[in-house]
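Note sheet for the following structure.
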Amino acid sequence: MIILRSQREIEKIRKACLIVAEILEHLKERIQPGVSTWDLDALSEEMAIKKSAKPAFKGYHGYPYSLCTSLNFEVVHGMPSKKCILKEGDIISLDFGVSIDGYFGDSAVTVPVGEISPEARTLCKVAEDSLFQGISRAVIGNRLSDISHAIQSYVESRGFSVVREFVGHGIGQALHEPPQIPNYGPPGKGVKLKAGMVLAIEPMINLGRAEVEVLEDRWTAVTVDRRISAHFEHTVAVTQNGPEILTMRNPGG
Ligand code: MF3
Ligand code: CO
């Protein structure tokens, strides 16, 4: 069942989301060659606790860290490590969530480390733009797969591919609630979108083939062809005034 959130609940979710957005902004500013993903994880946790929020991923199905750090050909759920030191030309996905007062927020960005290749830059741009294409369809009266279809058609028209194995999700009083939101599919299918639905939309876009596999650590998802992948995520409320991006610090800017 998809829970429709009252304005009061949306404000609670927004509180969590704004903390996530602020922490991701801070982490982005720290990204440079020489920084370890371990340090980024520690920083994310420290900042969350300082704001009285709880990192949402730590302990979730046994995930051991607060932050997911997915480097280059890692797609999602990359694990922070002291040995993982960022270097010029890398792209790093930072995925972070918190809960506060019983409500959750979730967001991800992919960030360049120093100068990156033109194709990596294009991949990141198309991945982020595809998220906004999806968000623009999160409108009352549309169907869920209108979001999915907008993402897929945008990405494939630009020659990249969409990961099938992982999906976006409802979010509110749990990190993952119904519905699941694939990033591909025909338009016009699934539930009708209603005011009060809160959705975490999160396309994962590959430079090469769509296929992914999970490494022996049972978390890190990587591309089968070992070409790079980008990931962006926002928590979005469906409202009478259109989609409202709750994980954006300055909406519209
Ligand atoms: N943003 C991801 C998601 O929504 C991160 C989950 S990582 C986990 O699924 F460790 F919490 F599983
Ligand atoms: Co998510």
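Restricting segment 76-90 to residues that are closer than 24 Å to G170 by Cα and away from ligand 2 (no atom under 12 Å from the Cβ), the residue that is surrounded by the fewest Cβ atoms within 10 Å (Cβ to Cβ) is M79. Taken over segment 70-105, the residue count meeting the criterion of being more than 9 Å from ligand 1 (Cβ to nearest atom) and under 15 Å from V20 (Cα atoms) is 10. Scanning segment 155-171 for residues that are out of contact with any Gly (no Cβ under 8 Å at 6 or more places or on another chain), in contact (Cβ under 8 Å) with a residue 12 or more places away in the chain and more than 13 Å from ligand 1 (Cβ to nearest atom) yields a count of 5.
The strands (runs of 3 or more DSSP E) falling completely within segment 150-253 that include 3 or more residues that are surrounded by fewer than 23 Cβ atoms within 10 Å (Cβ to Cβ) and within 16 Å of ligand 2 (Cβ to nearest atom) map to 177-181. Of all the listed residues (D129, D106), the sole one being acidic (D, E) and surrounded by 19 or more Cβ atoms within 10 Å (Cβ to Cβ) is D106.
When A127 is tested against (1) away from ligand 1 (no atom under 16 Å from the Cβ); (2) assigned to a helix (DSSP H, G or I), only condition (1) is not met.
For segment 1-33, filtered to residues that are in contact with a Lys or Arg (Cβ under 8 Å, 6 or more places away or on another chain) and not β-branched (V, I, T), the residue that is surrounded by the most Cβ atoms within 10 Å (Cβ to Cβ) is A21. Inside segment 40-63, residues that are within 16 Å of ligand 2 (Cβ to nearest atom) and under 14 Å from K28 (Cα atoms) make up a count of 1.
Let's see how each residue does on (1) assigned to a strand (DSSP E or B); (2) within 16 Å of ligand 2 (Cβ to nearest atom); (3) more than 26 Å from E211 (Cβ to Cβ):
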{"position": "Y65", "(1), (2), (3)": "no, yes, no"}
{"position": "C68", "(1), (2), (3)": "yes, yes, no"}
{"position": "I92", "(1), (2), (3)": "yes, no, no"}
{"position": "D95", "(1), (2), (3)": "yes, yes, no"}
{"position": "V98", "(1), (2), (3)": "yes, yes, yes"}
{"position": "T110", "(1), (2), (3)": "yes, yes, no"}
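None of the figures in this text is laboratory data; all of them are computed from the coordinates on show. Not measured: the values here are computed from a predicted model. Cβ sites come from the backbone with ideal geometry, for glycine too, and all protein chains shown count toward neighbours.
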